[in-house]
1. Can you go through ARG113, ARG47 and tell me which one is at pLDDT 90 or above, closer than 30 Å to ARG131 by Cβ and out of contact with any Phe, Trp or Tyr (no Cβ under 8 Å at 6 or more places or on another chain)?
2. Could you tell me whether GLY116 is farther than 28 Å from PRO150 by Cα and not basic (Lys, Arg)?
Amino acid sequence: MVDAAPFGGIGTFPGAPSMATRNSPKPPAASPWKPAGARAQQREAKRNAVLQTAARLFNERGFHATSLDDIAEQLHVSKPTLYYYVKSKDDILLECVRTALGMMQEGIDEVRRAGGSAIDQLMACMRIYSRIVTMDFGMCVIRIGEDPLPAPLRKELRRLKAGIDGEFRRLIADGIAEGSLAPCDPKMAAFVLAGALSWIGRWYNPEGRLNPDEIADQSIALLMSGVQQRHPMSKSNSKKAAVRKSK
């Protein structure tokens, strides 16, 4: 008679894994690559960093005086690395200006959806415009613009600008119709308002006395009410006016 196997059965040894354990699938090795969605977000964040840095340098030094090497140096990367995110310096400027104009149009669209009187909408749009031209991308629109770009690209950006101008004209015309704005040429008024607000992007200094919201408040007040002092009518002048009216 053969004795039972001393170690718990045929083919087993102390501490040895069972057949079920040996045949179970091993967990997959952790991938050093992030999921596609996370990689896309990371790439977009790096691309935005390229554009933001370029816009700041364009505003400080000028478009022609800023090279791709300058941008790469600021970001601590090599110049060839930039080409993974942008095609050229022209492409960077195009995207900077397009981004700012897109922000303006998006803000105006939100104001329109919110509704309200024409004058309230106009002042809200003026605030958005003023605020954006104090940002790097917005200042790039004002200080650099589309002039350094090839003609086809200039045409696209001017089309976007025309859309914003059209919104201002429409609100001014609506304000005249509702009686909240004095009769005027909406085209001329839109040019004056946008021109004055745009110039903020030329002189704005982040280290200055006023912050962007304070600049917007004062600029809108001046543009809507003017700088001329409006003295209340004195009692004597009021009596004279009443006498003239009675004659």
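1. The conditions single out ARG113.
2. yes
The values are calculated or read from the model by the stated rules, or taken from the named source; none is laboratory data. None of these values were measured; they are calculated from a predicted model. Glycine also receives a Cβ, built like all others from the backbone with ideal geometry; neighbour counts cover every protein chain displayed.
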